[in-house]
Amino acid sequence: MEVEFSKENFLLSEIKYEYLDHTADVQLHAWGSSLQEAFEQCGMAMFGYMTDLDYVSIEHCFQLEAKGDDIEGLLFHFLDELLFLFSAEPFLICKKLEITKFDLENYEIECRCYGEPFEIGKHPQGTEVKAITYSAMQIVQEPERSHYEVFVIIDI
């Protein structure tokens with residue numbers, strides 16, 4: 001669902017992710033001072049693997065919802081919903097993700113996704129992400145240090 005937003009005073013998040021080699025696939029490693037931030041960064045890592053985000057403008061905002069049965073399922077379904085947003089109409093490539101609801105009791109996320117439709121010629125073509133996997137998924141939570149990390153293997 002597309003939602004209205006203002007481009008005024010729009011700040012982009014610091015990059016807090018990296019790509020780790022994995023046999024025939026790639027592992028996304030993202031971190032943050034909260035688990036919510038680590039989830040947002042993991043989503044951005046996936047988009048950054050598909051294209052160079054420096055070429056992406058913020059023209060649209062779509063809201064998505066994701067639900068899981070546990071924390072790993074929530075991360076899986078969140079990334080899967082983001083991948084669907086890219087793979088089908090509106091073919092959105094995101095420059096910023098903002099989780100507006102992060103409910104760990106009911107395992108629900110609502111997220112605003114800011115970006116524009118992917119366009120060959122404007123956006124460099126990175127690597128196609130075929131699927132999100134549960135394989136070797138890790139969620140590290142160290143609240144006493146305000147340290148959270150997620151590791152997710154994507155099928156490319």
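Taking the criterion of being among the aromatic types (Phe, Trp, Tyr), surrounded by 16 or more Cβ atoms within 10 Å (Cβ to Cβ) and over 15 Å from Leu35 (Cβ atoms), the residues of the range 53-91 that qualify are Phe62, Phe86.
Suppose the filter is outside any loop (DSSP other than H, G, I, E, B), of a type outside the set (Val, Ile, Thr) and open to solvent by less than 20 Å² (accessible area, probe 1.4 Å); does Leu20 pass it? Judged against the criteria, Leu20 is not a match.
Just so you know, in the range 23-35 the residues that are of a type in the set (A, V, I, L, M, F, W, C) and part of a strand (DSSP E or B) include one that is farthest from Phe84 (Cα to Cα), and it is Trp31. Considering each of Ile120, Ile153, Ile132 in turn, give the residue that is modelled with pLDDT under 95 and of a type in the set (Val, Ile, Thr). Within the list Ile120, Ile153, Ile132, the selection yields Ile120. Selection over the range 23-35 of residues that are open to solvent by 60 Å² or more (accessible area, probe 1.4 Å) and out of contact with any helix residue (DSSP H, G or I) (no Cβ under 7 Å at 6 or more places or on another chain) gives a count of 3.
Among residues belonging to the range 87-112 that are touching a strand residue (DSSP E or B) at 6+ places or on another chain (Cβ under 7 Å) and of a type in the set (Ser, Thr, Tyr), point out the one that is nearest to Val56 (Cα to Cα). Within the range 87-112, the match that is nearest to Val56 (Cα to Cα) is Thr100. When we screen Val150, Val140, Val129 for residues that are free of Cβ contacts under 8 Å to residues at least 12 places away in the same chain and touching a strand residue (DSSP E or B) at 6+ places or on another chain (Cβ under 7 Å), the only hit is Val140. For the range 38-47, indicate whether the set of residues that are within 14 Å of the chain's Cα centre (by Cα) and open to solvent by 40 Å² or more (accessible area, probe 1.4 Å) is non-empty. Looking for residues that are within 14 Å of the chain's Cα centre (by Cα) and open to solvent by 40 Å² or more (accessible area, probe 1.4 Å), one finds none in the range 38-47, hence no.
The values are calculated or read from the model by the stated rules, or taken from the named source; none is laboratory data. Since the structure is predicted, the reported quantities are computational estimates derived from the model, not experimental observations. Positions of Cβ are backbone-derived with ideal geometry, glycine not excepted, and every protein chain shown enters the neighbour counts. To get the accessible areas, we keep the full protein, side chains included, count just its heavy atoms, and leave off ligands, DNA and RNA. Shrake-Rupley method; radii C 1.70, N 1.55, O 1.52, S 1.80 Å.
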